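Colleague: The structure is given below, and queries will be raised subsequently.
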């Protein structure tokens, strides 16, 4: 299986905290997980949330599909820069091109 070139996934300032559930104090998250290779795209895209409602995703993160990222997880993009922000995962999609190329995971963020 060939890896997608590093130039196609240039952003190394992305991390996420996986959503683990709700508690009496609100949503709970696991420890922060760094993403070593990602592409952050700032573009409005219409997506469907897990309950079927249509939502606008203003940011999409393309990354190696090493592990699933749960809906409602917190994602930080452009960490340590003037453009840093944290957002919630609306939904995600897994792209698999077969045995020739490493699969991608796309996170659609609020």
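Colleague: If I go through segment 60-105 residue by residue, how many of them are in a strand (DSSP E or B) and within 16 Å of residue 38 (Cα to Cα)?
Modeller: Matching residues across segment 60-105 total 20.
Colleague: Inside segment 32-51, can you point out the residues that are exposed (fewer than 11 other Cβ atoms within 10 Å of the Cβ), part of a strand (DSSP E or B) and either without any contact (Cβ under 8 Å) to a residue 12 or more places away in the chain or in contact with a helix residue (DSSP H, G or I) (Cβ under 8 Å, 6 or more places away or on another chain) (or both)?
Modeller: 46
Colleague: Return the residues of segment 78-110 that are surrounded by fewer than 13 Cβ atoms within 10 Å (Cβ to Cβ), more than 14 Å from the chain's Cα centre (by Cα) and over 16 Å from residue 13 (Cα atoms); say none if nothing qualifies.
Modeller: 96, 97, 98, 99, 100
Colleague: Return the residues of segment 52-64 that are within 11 Å of the chain's Cα centre (by Cα) and surrounded by 17 or more Cβ atoms within 10 Å (Cβ to Cβ); say none if nothing qualifies.
Modeller: Scanning segment 52-64 gives 59, 60, 61, 62, 63.
Colleague: Take residue 57 and tell me if it is outside any loop (DSSP other than H, G, I, E, B), within 26 Å of residue 102 (Cβ to Cβ) and either in contact (Cβ under 8 Å) with a residue 60 or more places away in the chain or touching a helix residue (DSSP H, G or I) at 6+ places or on another chain (Cβ under 9 Å) (or both).
Modeller: So residue 57 does not fit the description; no.
Here, each number is a calculation from the coordinates, and none is a lab measurement. The model shown is predicted, which means the values in this text are computed figures rather than measured ones. Every residue, glycine as well, gets a Cβ built from its backbone with ideal geometry; the counts of neighbours run over all protein chains shown.
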